[in-house]
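The values are calculated or read from the model by the stated rules, or taken from the named source; none is laboratory data. Since the structure is predicted, the reported quantities are computational estimates derived from the model, not experimental observations. Glycine also receives a Cβ, built like all others from the backbone with ideal geometry; neighbour counts cover every protein chain displayed. Ligands, DNA and RNA are excluded from the accessible area calculation, which covers all protein heavy atoms including side chains. Shrake-Rupley method; radii C 1.70, N 1.55, O 1.52, S 1.80 Å.
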Amino acid sequence: MADASTVAELVNISVDGRPVEVPPGTLVWDACEKAGIFVPVYCAHKKLEPVAVCRMCLVEVEGLPKLQPACATRVAPGMVVRTQTEQVRKFRDGNLEFLLLNHPLDCPVCDRGGECDLQDFTQRYGPGRARSSITEKVHFDKAVKLSDKIMLDQERCILCWRCVRYYEEITGEREIVLQERGVHTVVDSFERQPLQSQFQGNLPEICPVGALTHRQYRFRARPWDLRRTASVCSHCSYGCNIFVDAREEQIARYASNDNPEVDDSWLCDQGRYGFPELNRPERVINPEARVGGLRQAVSYQDAVARAAGALLRVRGDHGGTSVGVLGSPRMTNEEAFVLQWLAREVIATPHVDHRYEPLEGISPEQFRLGIAELEGCDAVVVIGDRPERLSPVLTLRLYKVANKLGRQILRVPETFSAAQVVKQLPAAGRIGIVAAQADRAAAMGLRAKAGSAGREAAVLTITEAVNSRGCQDLGLLPNVGPGYRSLEHSGLFGRQLLEAAVAGQIKALLVVGDGADFEAEGLFHEALAKVDVAVVVTAWQGVASRAATVLLPGRTIAEKAGTVTNTEGRVQRVRTAVEPKFTFPSDLRILGDLAAGLGSDLGVQALAAPVFELLAAAVPAYRGCQAGLRAHWEPGS
Ligand code: SF4
Ligand code: SF4
Ligand code: FES
């Protein structure tokens, strides 16, 4: 609740007779929204500075002779705003009639049909019919390939400048320009050069009409054909919030779902256009098992029983430590937690990992700084270019910190002198340090140096895959348990574990997840060929599925429900956006059933919500953590 001093500073205005209190400097457009009154806009955008060029948002302000643009007018005490008067209605109607004068009649074939602000506002506020007798419209180029990703239709453009301003204010790349004058004004790429930005996929989303469209989505679907599910981009560890739009159980597109704390409403092209990977047809769709030397389809129950029996046999003959367990950084938190429990508590092996290369010397302190907290730093040191290569949308946050907020960004190479860097930092204030996980030691060294020079510094470490952070927090590693608990005996890291399998010390492998971190490694092939038993739960046909003695069909991240933790420690929900082509249990249920086959009970139903409760009980930082919030790690934990 606001305290008395805050309340005293608020400005009282009225919108269509409704009183509303807003902070001084608020735009009338935002005040109208707060009052629950919709004002149509074209050029205005929540993330861009106002320019007031389209005049769609004009409203009456008592005492002023002319209509005022709500998107660029600031509130004043006692202001009386009217959005529904005859004058406003007449102006909107005329404005739309003017916009439609030269607009092509493309709606039936336009990719924005059904989700276009020009269509919608024309229906709601526009003229029912054209009065003009113009038969020949001014024509511009159609289907202009701005890049391999973006198509431009110049005739559909309503000259709102959003695309131009996006490049100026958000990315700083200035790849789109307005050319010519008057009725001949057109939008185009600079000198018709192909767009090169890695953030161009945001353009069709900020364009209010069908002028800029995704080539990937061209003529694929209509909005009413799609089922929309809020989820998380699975391409990297940044955790951008997305809508997954699916048609007939295939992903048709990703759209951004603004989370100001994470993505600030932008996606990178790698993430946005990366989903066809999840639509690939090379799926494992049936449980299979090697029976008498031949692989054949078996029932789900039979496969689980055979997998449990084989693992029990190896454990009985050679001990639990002869079993290696490999997960994936693309598993959910719930799966990661259950898999490490299955390895340690049920199979009794310490050899469990989710990655190929060893990860040592990690602690929650390396993740103290949040993404949005970068905006509160007086200076930010970025170590090398790996953080932005790993999580491209970070580039846009850093651009905002430097260009909009005027803070210092200091880019240093991966090998640097901490003493030299500290000398270049401001004398006081908070310092943010951004590093890839591979550079965590250097980042922590710089933090210590800055601390001893009297600066308050915190580190944001960028991990590698969508749930690398969750897998680490929950102990899917051989050297730390859940919550980074130290262990009496460390197990073998992924690569060492595979080497041990090739050497004949590991007799059985349990591989769960997409295996992407391992599939490219020759050692993985050798290890799978060598072990007596390979139980594989995977969505994809590949090295692991082919080598499996027992194979169970897994789900892709788009087919799962659960949580993942982004690189800053924010626990976010992934939801089932498409159904797999089979009805076998989820990966989490498979792990629960496997544990039961091995004689252990998870203690709760193998569903995301009860398992989250279970893991939160084991990791205090996750206790009471609602999806959408950062897990709270006590300093020094
Ligand atoms: S292309 Fe779209 S975003 Fe750009 S000016 Fe035209 S209507 Fe606006
Ligand atoms: S930065 Fe990462 S999470 Fe965000 S859109 Fe790009 S790939 Fe996806
Ligand atoms: S939305 Fe206000 S002038 Fe364009």
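General observations
- Residue within the range 314-330 that is part of a strand (DSSP E or B) and in contact with a Phe, Trp or Tyr (Cβ under 9 Å, 6 or more places away or on another chain) present: yes
- Residues satisfying the stated conditions in the range 176-197, i.e. over 23 Å from HIS139 (Cα atoms) and either more than 16 Å from ligand 2 (Cβ to nearest atom) or in contact with a His (Cβ under 6 Å, 6 or more places away or on another chain) (or both): LEU195, GLN196
- Remark: PHE612 falls outside the filter, which requires a residue to be touching a Pro at 6+ places or on another chain (Cβ under 6 Å) and crowded, with 16+ Cβ neighbours inside 10 Å.
- At least 2 residues being open to solvent by 40 Å² or more (accessible area, probe 1.4 Å) is the threshold, and among the helices (runs of 4 or more DSSP H) wholly inside the range 511-594 those reaching it are 516-519, 522-530.
- Screening the range 225-238 for residues that are of a type outside the set (S, T, N, Q) and over 13 Å from GLU464 (Cβ atoms) and picking the one that is most open to solvent (accessible area, probe 1.4 Å) gives ARG228.
- Only one of GLU33, GLU21, GLU49 that is open to solvent by 20 Å² or more (accessible area, probe 1.4 Å), outside the structural domain of ASN257 (by TED's automatic domain parsing) and either over 29 Å from SER265 (Cβ atoms) or in a strand (DSSP E or B) (or both): GLU21
- Selected residue [out of contact with any Ser or Thr (no Cβ under 6 Å at 6 or more places or on another chain) and within 16 Å of ligand 2 (Cβ to nearest atom)] from SER256, SER237, SER231, SER265: SER231
- Some residue of the range 205-219 being touching a residue at least 24 places away in the same chain (Cβ under 8 Å), within 16 Å of ligand 2 (Cβ to nearest atom) and in a helix (DSSP H, G or I): yes
- Checking each residue in the range 345-367 for being open to solvent by 40 Å² or more (accessible area, probe 1.4 Å) and either of a type in the set (Asp, Glu) or out of contact with any Ser or Thr (no Cβ under 9 Å at 6 or more places or on another chain) (or both) picks out GLU345, GLU357, PRO358, GLU360, GLY361.
- Looking only at residues in the range 236-261 that are out of contact with any Asp or Glu (no Cβ under 8 Å at 6 or more places or on another chain) and among the β-branched types (Val, Ile, Thr), the one that is farthest from ligand 3 (Cβ to nearest atom) is VAL244.
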